[in-house]
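Below is one structure, written out as structure tokens; comments come after it.
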């Protein structure tokens, strides 16, 4: 399940991202409202966590623009304020729920489960390309010849590729979206995980491949 986290306080963002990743969510973390809007224009998310007070564009404005485009992705608002007016404004603008900072990790996870559960009936967790099926709910990559349950980083990388077949992703894009700006991981970790996924696709007798384009990146393509 893929979430967008928009929170400008980087230490909190890093902690929440780690918590969500540990609980098998795929997380894209951004640090201002404009960046959130940019990600929402190209990304498909199961839920959005929005801080209200953000630079460039505030969370309420992001939410209003999202709903104006008839995007009904569930939204959980985060605010450091406890005034009733802020909560009412957020809910009236189309938010599904709100939480006041600071909050307990267990409550955040519970609220996300409730928020995304109501949306699950309107969207499928399965993506298919070629003879490969990818289930975002179970982390399973499968074909008629078997299945593999992917580890978290493998899952995030495969989800990105399956959601955007034929799209070219640079190594730097994978690092940014999956490991994050603040990661200490070396860039060759992307090559390692590409290798893991290629071996699984081969074992599944997939008619798709992760194709490398020299000095450009990787894309998911059908084998011709």
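The values are calculated or read from the model by the stated rules, or taken from the named source; none is laboratory data. Keep in mind the model is a prediction, meaning the values are calculated, not measured. Cβ coordinates were reconstructed from backbone atoms using ideal geometry, including for glycine residues, and neighbour counts include every protein chain displayed.
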- Only one of these conditions is not met by residue 98: (1) in a strand (DSSP E or B); (2) under 27 Å from residue 135 (Cβ atoms). Which number is it? (2)
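Residue by residue through the range 126-138, note down the ones that are crowded, with 20+ Cβ neighbours inside 10 Å and either touching a strand residue (DSSP E or B) at 6+ places or on another chain (Cβ under 6 Å) or under 16 Å from residue 179 (Cβ atoms) (or both).
132, 134, listed by residue number.
Results for (1) in contact with a helix residue (DSSP H, G or I) (Cβ under 6 Å, 6 or more places away or on another chain); (2) over 16 Å from residue 209 (Cα atoms); (3) at pLDDT below 85; (4) in a loop (DSSP other than H, G, I, E, B), shown as yes or no for each residue.
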| residue | (1), (2), (3), (4) |
| --- | --- |
| 107 | no, yes, no, no |
| 133 | no, no, no, no |
| 193 | yes, no, no, no |
| 198 | no, no, no, no |
- Task: Go over the candidates 112, 178 one by one and state the one that is closer than 30 Å to residue 52 by Cβ, modelled with pLDDT of 85 or more, within 15 Å of the chain's Cα centre (by Cα) and buried (at least 16 other Cβ atoms within 10 Å of the Cβ).
- Result: 112
- Task: Select from the range 21-42 the residues that are touching a residue at least 60 places away in the same chain (Cβ under 8 Å) and either touching a strand residue (DSSP E or B) at 6+ places or on another chain (Cβ under 7 Å) or part of a helix (DSSP H, G or I) (or both) and list them in ascending order.
- Result: 21, 25, 26, 28, 29
- Hits in the range 200-224 (condition: out of contact with any helix residue (DSSP H, G or I) (no Cβ under 9 Å at 6 or more places or on another chain) and assigned to a loop (DSSP other than H, G, I, E, B)): 204, 205, 207, 214, 215, 216, 223, 224
- Message: Going by what's in this entry, would residue 47 be described as at pLDDT below 90 and either within 22 Å of residue 15 (Cα to Cα) or crowded, with 23+ Cβ neighbours inside 10 Å (or both)?
- Response: no
- Item | Options 203, 212, 185: the member that is surrounded by fewer than 17 Cβ atoms within 10 Å (Cβ to Cβ) and at pLDDT below 90 | 185
- Mind counting the residues in the range 70-85 that are at negative phi and either under 20 Å from the mean Cα position of the chain (by Cα) or modelled with pLDDT of 90 or more (or both)? 8
